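Q: Would you mind keeping the following structure in view while I ask a few things?
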Amino acid sequence: MPQEKYLDCIEACNRCGNECTHCANACLNEDEVKMMTRCIALDRDCAALCRTASMLMSADSEFAPDICRVCAEACRACAEECRQHDVQHCQRCADACEKCAMECEKMAMAHID
């Protein structure tokens, strides 16, 4: 199965997508929700890209490396934003984003011609 070679990255993307979705939801329940606006937006973008990257890797798509490069950028931005908020859901999200960014960068670099 072609997706086996991407398994670590697929799993990191799935975990990150789930953490980002949870973080966005939890941010909406914070007292100072207005201060969480950028975090919520990045969480949503990151989750969408993670899920797309996972699906494309599972299908062994020729577009997977390009999406993984963009996904890594989104994950880095999301992690940076989440690190600024001293709440557990943001810190867990940042951890997942950093791991996912690393896996996506490795995957994308493996496909440079």
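Q: Any number yet on Rg/Rh for segment 57-113, C-alpha, Kirkwood?
A: 1.08
Q: From the residues CYS90, ALA53, ALA24, which one has its Cα farthest along the dipole of the chain in the positive direction, the dipole being from +1 and -1 charges on Cβ of Lys/Arg and Asp/Glu about the Cα centre?
A: Value: ALA24.
Q: Still on this structure, please answer the following. For the pair ALA41 and LEU7, what calculated FRET efficiency results from E = 1/(1 + (r/R0)^6), where r is the Cβ-Cβ distance and R0 = 41 Å, to the nearest 0.05?
A: That pair, LEU7 with ALA41, gives E of 0.85.
Q: Still on this model: What lysines does LYS5 reach when the alpha-carbon gap must be under 24 Å and sequence neighbours fewer than 8 apart in one chain are set aside?
A: Result set, ordered by chain and number: LYS99, LYS106.
Q: If you don't mind, another one. If one computes P(r) from the Cα atoms of the chain, what percent of pairs lie at distances over 17 Å?
A: Pairs farther apart than 17 Å: 46 percent.
Q: Which value, in debye to the nearest 20, gives the size of the charge dipole of the chain about its Cα centre, when Lys and Arg are +1 and Asp and Glu are -1 at the Cβ?
A: Dipole of the chain, to the nearest 20 debye: 100 debye.
Q: Could you please state, rounded to a whole Å, how far the C-alpha centre of segment 95-109 is from the C-alpha centre of segment 41-78?
A: Measuring centre to centre over Cα atoms gives 10 Å.
Q: With each label point set 7 Å from Cα along the Cα-Cβ vector, what nm distance links GLN84 and GLU32?
A: Taking the simple label geometry, GLN84 and GLU32 are separated by 1.1 nm.
Just so you know, all these numbers are worked out from the coordinates, no wet-lab data involved. Everything numeric in this text was worked out from a predicted model, so none of it was measured. Please note: Cβ atoms are built from the backbone with ideal geometry, for glycine as well, and neighbour counts cover all protein chains shown.
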